Amino acid sequence: MSALLIFYGLLALAGHVAEPPAVSPTHDAAEHTHLEVPTSDEVVAADIPAAAAVIAACESGEIRADGSPVVGTYSLTAEHPVSSASGKYQFVDSTWGWVTGLEPPASAYPEDVQDEAFVELWDDGAGRSHWEPSVGCWGGRL
């Protein structure tokens, strides 16, 4: 069973979605997508759906004035202004290639591919150090 199916199965079991969201072939970089996701600050690292939602919000979504993420917001086509990081989870090009075997950038791929790469790299929380630069946003939430 693919990691993506497990990801959406966990969301469905938690009552957050009935089925995987449809993937649109194009996304406006300025437009954020919203999913029903957990908003609790008591999320454990192994809870992949919640972790994905928080990391995506911190990396490419909306951030409140107090620095907290608006969980459920993200941009599939976000591009970091200085580094090669891109996409929903801001994969750096070298990490994207290493994890997926695909040509970067991450932002060139649909949501399901980006989600599967997150699940692979997150590794039930063992891979959280890859998102250490944004710990000020997600720290204490995962």
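The values are calculated or read from the model by the stated rules, or taken from the named source; none is laboratory data. Only a predicted model underlies this, so the values are computations on that prediction, with no experimental measurement involved. Here the Cβ positions follow ideal geometry from the backbone for every residue, glycine too, while neighbour counts run over all protein chains shown.
Results for (1) aromatic (Phe, Trp, Tyr); (2) surrounded by fewer than 21 Cβ atoms within 10 Å (Cβ to Cβ); (3) at pLDDT 95 or above, shown as yes or no for each residue.
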| position | (1), (2), (3) |
| --- | --- |
| Gly67 | no, yes, no |
| Gly72 | no, yes, no |
| Tyr89 | yes, no, yes |
| Pro104 | no, yes, yes |
| Glu120 | no, yes, yes |
| Ala126 | no, yes, no |
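Considering each residue of the stretch 47-81, count those that are part of a helix (DSSP H, G or I) and β-branched (Val, Ile, Thr), and give that number.
Qualifying residue count for the region: 3.
Please go through the stretch 62-100 and pick out each residue that is more than 21 Å from Ser129 (Cα to Cα), touching a residue at least 40 places away in the same chain (Cβ under 8 Å) and touching an Asp or Glu at 6+ places or on another chain (Cβ under 6 Å).
Result: Thr73, Leu76.
Which count do you get for residues in the stretch 104-137 that are in contact with a strand residue (DSSP E or B) (Cβ under 7 Å, 6 or more places away or on another chain), assigned to a helix (DSSP H, G or I) and not polar (S, T, N, Q)?
Matching residues across the stretch 104-137 total 3.
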